[in-house]
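Undergrad: This is the structure I have questions about; it appears just below.
None of the figures in this text is laboratory data; all of them are computed from the coordinates on show. From a predicted model like this one, the values you see are computed outputs, not experimental measurements. Quick reminder, even Gly has a Cβ in these numbers, built from the backbone with ideal geometry, and neighbours come from all protein chains shown.
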Amino acid sequence: MSRLGLGTITWGRDTDEHEASDQLEQFVDAGGTLVDCAPEYGDGEAELVLGGLLDRVVDRSALVLSGRAGLHRDGEGLRHDTARGPLLDQLDRTLERLGTDRLDLWVVHGFSAGVPREETLTALDLAVRSGRTHYVGLASDSGWQLGWALASQAAGARHAVPVAVQTEYSLLRRDIEADVVPAALNLGAGVLAVSPLGRGVLTGKYRGGVPADSRAASPHLGPFVQPYLSEWAQGIVEAVATAADGLALSPLEVSLAWVRDRPGVASALVGARNAAQLRGVLMADEVTLPVEIASALDEVSAR
């Protein structure tokens, strides 16, 4: 699995099939393998776009396909439901849209209220035993969920022991270092870092305001970016920009290299709107931060 993963959150909505094709080809040519998708991305459109590219642009066998389940859209928006039936139905619809018979990694959004945890774990086990996924993981901001799932699955000698925890992690979001990262390190699960560029803010694109073509200006992604446009966050962005200037790198390269090389991180998942943006992301794969720079960023971003 590649240390950088390709996210598809913009596919089918802000990124059309042609741009997605260019991204996927460029990603694989650069040695990338992990591609992450979810049914809530464009209400399934991202999965349809990705499915249309498999074996046409890139061999399915060349990829590590990661999918998610547990968030369901209804008239009031996304709701969290990890009951066995809805989870497996969602998995089947994902496979149908992707045009494949299996995922390499299926990640479930933790445990939802009102659903027995054992029922959620049973869905993971059924998915593995039926061959619909090779491995499973959890999307969670809580270390106890990963620990409980691993202990319960091991005690029951089940097939689906979580091997990954997917969670947001960046210089602007380090709270998972208190419990999720230690749990993953001690239990042998890899951290898949989501939004490692602080929802795009750590690229420095918002230093002078909100560009009209940015995610923050988008009606559907603006609320997602807004929390990271605070004065505190901008202070960290300026520190990243200063480090980047001193190293003759971009803020994107500095921010991404920092999170990619953190203890426990197996891969950092980065989405791009077009191939030009992705090119900048892939350049970061060659960057290793000097220890003193990484330590300075640790200090300035600590809360």
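Undergrad: List Glu168, Glu17, Glu47 from most exposed to least, where exposure is judged by having the fewest other Cβ atoms within 10 Å. Present the calculation step by step, with values, prior to reporting the outcome.
TA: On the way: Glu168 19, Glu17 16, Glu47 26.
Ordered by Cβ neighbours within 10 Å, fewest first: Glu17, Glu168, Glu47.
Undergrad: Quick one: if the Förster radius is 51 Å, what FRET efficiency do Glu299 and Leu78 give, using the C-beta to C-beta distance and rounding to 0.05?
TA: 0.90
Undergrad: At q = 0.11 Å⁻¹, what base-10 log of I(q)/I(0) does the Debye formula yield for region 4-301 when every alpha carbon is treated as an equal point scatterer in vacuo?
TA: Calculated log10 I(q)/I(0) at the listed q: -0.65.
Undergrad: Here is a follow-up. Report, largest value first, the span of the C-alpha coordinates of region 1-113 along each principal axis, in whole Å.
TA: Rounded to whole Å, the extents work out to 43, 26, 23 Å.
Undergrad: Taking only Cα atoms, what is the 0 to 90° angle, nearest 10, from helix 251-260's long axis to the longest principal axis of the chain?
TA: Helix 251-260 and the main axis of the chain meet at about 40 degrees.
Undergrad: Using the number of other C-beta atoms within 10 angstrom as an exposure proxy, rank Val28, Val237 with the fewest first.
TA: Lowest count first: Val28, Val237.
Undergrad: Another question, then. Step through the residues of region 91-97 one at a time and calculate ³J(HN,Hα) from phi using the Karplus curve (6.51 cos²θ - 1.76 cosθ + 1.60, θ = phi - 60°), rounding each to whole Hz and writing x for Gly and Pro.
TA: Ordered by residue, 3J(HN,Hα) equals 4, 4, 5, 4, 4, 5, 5 Hz.
Undergrad: I would also like to ask the following. What shape does region 218-303 take by its C-alpha gyration tensor, where a ≥ b ≥ c are the square roots of the eigenvalues and a/c under 1.5 counts as rounded, a/b above b/c as prolate, and the rest as oblate?
TA: oblate
Undergrad: From the backbone phi of region 111-121, what are the Karplus-calculated ³J(HN,Hα) couplings (6.51 cos²θ - 1.76 cosθ + 1.60, θ = phi - 60°) in whole Hz, Gly and Pro given as x?
TA: Using θ = phi - 60°, the values come out as 10, 9, 5, x, 10, x, 4, 4, 5, 5, 5 Hz.
Undergrad: Right, next: For region 22-39, in order, what is each residue's ³J(HN,Hα) by Karplus, 6.51 cos²θ - 1.76 cosθ + 1.60 with θ = phi - 60°, in whole Hz (x at glycine and Pro)?
TA: 4, 4, 4, 5, 5, 4, 5, 4, 7, x, x, 10, 7, 10, 10, 9, 7, x
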